[in-house]
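Below you'll find the structure, written out as structure tokens, and then a few comments.
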Amino acid sequence: MHPAFLYVPGDRLSLSELSAARIDGHVVEVGDAYVPADLVEGPDVRAGAVASLVQPGTAASGPTAAWIHGAGDAPPAVHHVRRCVERRIRAVTSSRLVFHDTVVPASDVQLIGGIRVSDPVRTMLDLATALHRDPRMLTWMDRLALVFPETPNAAAEALRAMSRVPGSRAGSAVLERLALRTR
């Protein structure tokens, strides 16, 4: 998607101008941004809507990545990013952003809409291992499994290959149930 089609409030148009354009049917909301009403809302559009939150050296992960991949209609209330470079970075966080300081390997990252996003299998794995801390991740897992039915099996296999991962027992159980449901 070309950046000219993405309207971030306060950038080229104010929030009130964009709200008026939305009421008139010219633009629609996608996350924190607005796009022309006739533009198809795909992963690149969703990624562009959260691009300002994904800093260099990080990748959208967890529920944010699931939403970018097409899981659900509305974005998560709090976005998640994960470090995707070996060196430590100083991430700027806010009440709307959770920074995970564990590295996601480059092989598990895709470039979508100009930002790095964890691939669907890695996203499912991250959601599964976070489930013991935040039960809301189950909703994102269900939605992602509907879009990518093969991800629960692949994520369960990847989780079995890992050792000493917090939340792996609860995550494995849910992944197994999702894998059975999607067969």
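What's the longest piece of the chain with no exposed GluC sites (Glu not before Pro), counting a site as exposed if DSSP puts it in a loop and it has at most 14 other beta carbons within 10 Å?
Details: sites that count: E86, E150.
For GluC sites (Glu not before Pro) (loop position, at most 14 other Cβ atoms within 10 Å), the longest site-free span of the chain is 1-85.
Can you compute the charge dipole magnitude of the chain about its Cα centre, using +1 on each Lys and Arg Cβ and -1 on each Asp and Glu Cβ, nothing else charged? Give it in debye, rounded to the nearest 20.
On the way: 20 positive and 19 negative charges, 177 e Å.
With Lys and Arg at +1 and Asp and Glu at -1, about 860 debye.
Explain nothing, just the number: relative contact order of the range 1-116, from Cα pairs under 8 Å at least 6 residues apart, as a whole percent.
Details: 174 pairs, mean separation 26.6, N = 116.
Taking the mean separation of contacting Cα pairs over the length of the range 1-116, I get 23 percent.
If contacts are Cα pairs under 8 angstrom and at least 6 residues apart, what is the relative contact order of the range 45-174 in percent? Walk me through the intermediate numbers first.
Values: 208 pairs, mean separation 32.9, N = 130.
Once normalised by length, the contact order is 25 percent.
Arrange the following residues from fewest to most other Cβ atoms within 10 Å of their Cβ: H100, H69, H2, H26.
Working: H100 17, H69 25, H2 8, H26 14.
Fewest-to-most ranking of H100, H69, H2, H26: H2, H26, H100, H69.
Please list, in order along the range 133-145, the HN-Hα scalar couplings obtained from phi with the Karplus expression 6.51 cos²θ - 1.76 cosθ + 1.60 (θ = phi - 60°), rounded to whole Hz, x for Gly and Pro.
8, 9, x, 5, 5, 4, 4, 5, 5, 4, 5, 5, 5
Can you tell me the alpha carbon radius of gyration of the range 74-183 divided by the globular rule-of-thumb value 2.2 N^0.38 Å? List each step's numbers first, then the result.
Numbers: Rg = 13.9 Å, N = 110, 2.2 N^0.38 = 13.1 Å.
With N residues counted in the range 74-183, Rg over 2.2 N^0.38 Å equals 1.06.
Using amide H atoms built in the peptide plane, which far-off residues or other-chain residues are under 5 Å from V30 H to H?
Here the answer is V35, since their amide H atoms fall under 5 Å of that of V30.
Give the long-range amide H neighbours of H100: residues separated by 5 or more places, or on another chain, with amide H under 5 Å away, using H modelled in the peptide plane at 1.01 Å from N.
Those qualifying (amide H under 5 Å, at least 5 residues apart or on another chain) are V81, R82, R83.
What area, in nm² and to one decimal, does the C-alpha convex hull of the range 26-145 cast on average over all directions? Can you show the working numbers first?
Values: hull surface 28.3 nm².
Projected area, direction-averaged: 7.1 nm².
Exposure proxy check: T93, T129 ranked by fewest other beta carbons within 10 Å?
Details: T93 11, T129 23.
Result, fewest neighbours first: T93, T129.
For the range 60-183, give the share of DSSP beta bridges that are antiparallel, in percent and rounded to the nearest 5; count only bridges with both residues there. Spell out each step's value before the answer.
On the way: 7 of 12 bridges.
Expressed as a percentage, antiparallel bridges in the range 60-183 total about 60.
List every residue whose amide H lies under 5 Å from the amide H of I112, counting only residues 5 or more places away in sequence or on a different chain, with H placed 1.01 Å from N in the peptide plane.
V117
Since every read-out is calculated from the coordinates, none of them should be taken as a lab result. This is a predicted model, so every value here is computed, not measured. Please note: Cβ atoms are built from the backbone with ideal geometry, for glycine as well, and neighbour counts cover all protein chains shown.
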